[in-house]
2 protein chains.
Amino acid sequence: MLREDVTDAIRAAVFEELAAVGFARMSIEGIARRAGVGKTAVYRRWKSKLSLVLDLVSAFAAQGLPAPATGSLYGDVRALLEVAAHALRHPVASQVIPDLLVESARNPEISDAIKAALLDGQRGVAALIVRDAVARGELLESTDADRALDVIVGPLYWRLVVVRSGLPEGYLDEVARGAVAALRA
Amino acid sequence: MLREDVTDAIRAAVFEELAAVGFARMSIEGIARRAGVGKTAVYRRWKSKLSLVLDLVSAFAAQGLPAPATGSLYGDVRALLEVAAHALRHPVASQVIPDLLVESARNPEISDAIKAALLDGQRGVAALIVRDAVARGELLESTDADRALDVIVGPLYWRLVVVRSGLPEGYLDEVARGAVAALRA
DNA sequence: CGACGACGGAACGGTTGCGTTCCGACGTAA
DNA sequence: TTACGTCGGAACGCAACCGTTCCGTCGTCG
């Protein structure tokens, strides 16, 4: 029987190593070292660096994403932004997510895992938000849910991950208001 | 005297290598191999992988960014989007830029170079667009240029680099219209 | 209590890249 | 023609990591 505390230590070490040096530079020796564990313990569980990361990302996907239903388009958008900002402000996540996204451009397996873990969930939430708003008469039926997601999450991602400047007071409110206006246009 | 054709071959090879394997995995041996050049020729010019990349990025920065002045906010936004989309659709650029952005989170020198080469230019353009629009009465004086840039470029970056789906017909028009509406809100 | 299996640790041979040092060939400028 | 400097190429010793194998130890089942 594999010891679960060792498994957990390895999983945690992978996250830390991923954040510290990135997928490309990450080594199994480094993971074992950080976890305070023998290399054998790692190889006994996973056959490669890739399967280790795929396993972690998939576990993340299983969590699912709560769909906001506040009763108004603005409320839903604002709630989605809140969740996204919360995730992207975690120092580990804000390092790991873009790193894996870049890697996924070169590795179809990572790409699939990321899509399933993050993007598909967000697409689904966006689709629900748009559907409800259309039912309420807040948006036209022709509104494209994917473009809605772009308009809602894009500015936040750009600021937090690309430009890497902070979130000023009231920024999420402004972006939410702007996104609603953009979708109505 | 260093031969210029050799220098150019190395520069080109760095770009290709950067796009193919990313900064983290890129090696000087690999660059020399790709350029069809001895390792010595590389070390005679640059002292490390980092200085090689910094040199290239800085050269890119020197180009500058044309500031649109179409006479309307929508026209300016649309023009800025056109330039950005053109850059991000180049397969090399769409691979290299996010890669260096991720790397810049770990390396202040890369971060500074990227800021100077890309972000500062875009911030300046956004500031000009906002200033003109305010003068025309299209926007309030209180409009924040940085947030404007987020709203304009964010959705495009999200779609082209993060989600990596294509640009549907008329997408740039819609985003431009949406961004203008968002800024007015 | 005895057998089993996972544990950390050390070592294996092999690969890759580092940064440096030589070499002989070539081209150019004095 | 001679002298110099760059060229590509090969080799250097060094370091890191690969994936595997073999230990002796320890905890847990049966």
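The values are calculated or read from the model by the stated rules, or taken from the named source; none is laboratory data. Please read these numbers as outputs of a predicted model, since none were measured by experiment. For neighbour counting, all protein chains shown are included, and Cβ atoms are generated from backbone atoms with ideal geometry for every residue, glycine included. Keep in mind that these areas ignore ligands, DNA and RNA; they rest on the heavy atoms of the full protein, side chains included. Shrake-Rupley method; radii C 1.70, N 1.55, O 1.52, S 1.80 Å.
Things to note:
- Some residue of region A:136-147 being away from every other protein chain (no Cβ under 12 Å) and at positive phi: yes
- Region A:163-185: number of residues that are within 30 Å of B:R106 (Cβ to Cβ) and not charged (D, E, K, R): 8
- Of the residues making up region B:162-170, at least one is assigned to a helix (DSSP H, G or I) and within 11 Å of chain A (Cβ to nearest Cβ).
- The residues listed here are B:A84, B:A9; of these, the one that is surrounded by 13 or more Cβ atoms within 10 Å (Cβ to Cβ) and not assigned by TED's automatic domain parsing to the domain that holds B:L128 is B:A9.
- Among the conditions (1) free of Cβ contacts under 8 Å to residues at least 60 places away in the same chain; (2) among the hydrophobic types (A, V, I, L, M, F, W, C); (3) open to solvent by less than 40 Å² (accessible area, probe 1.4 Å), B:L118 misses just one, which is (3).
Residues checked against (1) at pLDDT 95 or above; (2) open to solvent by less than 20 Å² (accessible area, probe 1.4 Å); (3) within 21 Å of B:P98 (Cα to Cα):
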residue	(1), (2), (3)
A:R45	yes, no, no
A:S48	yes, no, no
A:A61	no, no, no
A:S72	yes, no, no
A:A79	yes, no, no
A:A93	no, no, yes
A:V125	yes, yes, no
A:V130	yes, yes, no
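- For region A:172-182, the set of residues classified as within 7 Å of another protein chain (Cβ to nearest Cβ) and open to solvent by 10 Å² or more (accessible area, probe 1.4 Å) consists of A:E174, A:R177, A:A181, listed by residue number.
- On inspection, B:E169 fails the criterion of being over 20 Å from B:A61 (Cα atoms), touching a helix residue (DSSP H, G or I) at 6+ places or on another chain (Cβ under 7 Å) and free of Cβ contacts under 8 Å to residues at least 40 places away in the same chain.
- Residues within region A:70-94 that are among the aliphatic types (A, V, I, L, M) and either free of Cβ contacts under 8 Å to residues at least 40 places away in the same chain or touching a strand residue (DSSP E or B) at 6+ places or on another chain (Cβ under 8 Å) (or both), tallied: 4
- In region B:64-106, the residues that are more than 11 Å from chain A (Cβ to nearest Cβ) and not in a helix (DSSP H, G or I): B:G64, B:L65, B:P66, B:A67, B:P68, B:A69, B:T70, B:G71, B:S72, B:H90
- Some residue of region A:105-113 being open to solvent by less than 60 Å² (accessible area, probe 1.4 Å) and under 10 Å from the mean Cα position of the chain (by Cα): no
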